[in-house]
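Asks: Here it is, the structure in full.
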Amino acid sequence: MKCPYCTNLNTRVVDSRPGKIEFEVRRRRECQDCKQRFTTYERVEQAPVMIIKKDGRREAFDREKVLRGIQKACEKRAISVNLIEEMVDLIEQELRESNEREVSAKIVGEKIIQALKKIDDVAYVRFASVYREFKDIADFIQELKGLLPRECRSVEFDHLVDGVVDKVVDERADKADDRS
Ligand SMILES: [Zn+2]
């Protein structure tokens, strides 16, 4: 820290105490050259990370909102409140550390999806199905298929999935026919 009197760079902290506001430290420094004393304040930078919504509007990152979304997905699952809090902490920390002032809501959503994927399959699918707005059952099944261990993704399963998808497609085609 430069001395404000003589601009010498060699200054020494002689006292350090909490400031009047939270996350602030007040320091008394002494210039090693001219011996003048001066005060500096150190604060935690807490500029909000702005979230860019789908329609382009910006809003400050809302921790509570993320927490509620995850809680909802984890409803009636064996997931502790602490674990959910940790997930939110990690997501918030990642956003702050990315040093981006603006982050698209999509990135936040994907971070939540990835975090849930590691913890609970049901919570993950619940969140992903709402968030990614699966267009149809085929999308949804693709997602479920990805959850299976490789050795379980047998030919039969593929066959079954294809069968279901074909059926859905057929039903849709039928409905379209009925309408025409
Ligand atoms: Zn000085």
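Derivation of every value follows stated rules applied to the coordinates shown; laboratory data play no part. Predicted model only: the values in this text are computed from it and were never measured. Note: ideal-geometry Cβ built from the backbone for every residue, glycine included; neighbour counts use all protein chains shown.
Asks: Restricting attention to region 43-129, which GluC sites (Glu not before Pro) occupy a DSSP loop and are surrounded by at most 11 other Cβ atoms within 10 Å?
Replies: Details: sites: Glu45, Glu59, Glu64, Glu75, Glu85, Glu86, Glu92, Glu94, Glu97, Glu100, Glu102, Glu110; in loops: Glu45, Glu75, Glu100.
Answer by residue number: Glu45, Glu75.
Asks: Cα centroid distance between region 84-99 and region 59-78, in Å?
Replies: Computed from Cα coordinates, the inter-centre distance equals 13 Å.
Asks: I've got another one for you. About its Cα centre, what dipole magnitude does region 5-102 give when the only charges are +1 on Lys and Arg Cβ and -1 on Asp and Glu Cβ, stated in debye to the nearest 20?
Replies: Working: 22 positive and 20 negative charges, 75 e Å.
Roughly 360 debye for region 5-102.
Asks: Okay, moving on. With a cut-off of at most 16 other beta carbons within 10 Å, and DSSP calling the residue loop, which trypsin sites (Lys or Arg not before Pro) in region 82-135 qualify? Please list them. Numbers along the way, then the final one.
Replies: Numbers: sites: Arg96, Arg101, Lys106, Lys111, Lys117, Lys118, Arg126, Arg132, Lys135; in loops: Arg101, Arg132, Lys135.
Qualifying residues, ordered by number: Arg101, Arg132, Lys135.
Asks: With a Förster radius of 41 Å, plug the Cβ-Cβ distance of Arg43 and Ala78 into 1/(1 + (r/R0)^6) and report the FRET value to the nearest 0.05. Kindly include the intermediate steps, with their values, before the conclusion.
Replies: Values: r = 41 Å, r/R0 = 1.00.
The calculated FRET efficiency here is 0.50.
Asks: Near Arg63, within a Cβ-to-Cβ distance under 14 Å, what is the net charge of the other residues, with Lys and Arg +1 and Asp and Glu -1? Don't skip to the answer; put the middle values down first.
Replies: Working: positive: Lys65, Arg68, Arg96, Lys111; negative: Glu59, Asp62, Glu64, Glu85, Glu86, Asp89, Glu92, Glu94.
Net of charged neighbours comes to -4.
Asks: With a point put 7 Å past each Cα toward its Cβ, work out how far Glu102 is from Lys20 in nm, to one decimal.
Replies: 3.5 nm
Asks: Full extension from Lys145 to Lys65: what is 0.36 nm times the residue separation minus their Cα-Cα distance, to one decimal in nm?
Replies: Working: separation 80, 0.36 × 80 = 28.80 nm, distance 2.92 nm.
The Lys145-Lys65 span can extend by a further 25.9 nm.
Asks: Calculate the dipole size of region 61-114 relative to its Cα centre from +1 charges on Lys and Arg beta carbons and -1 charges on Asp and Glu beta carbons; express the result in debye to the nearest 20.
Replies: Working: 10 positive and 12 negative charges, 63 e Å.
I would put it at about 300 debye.
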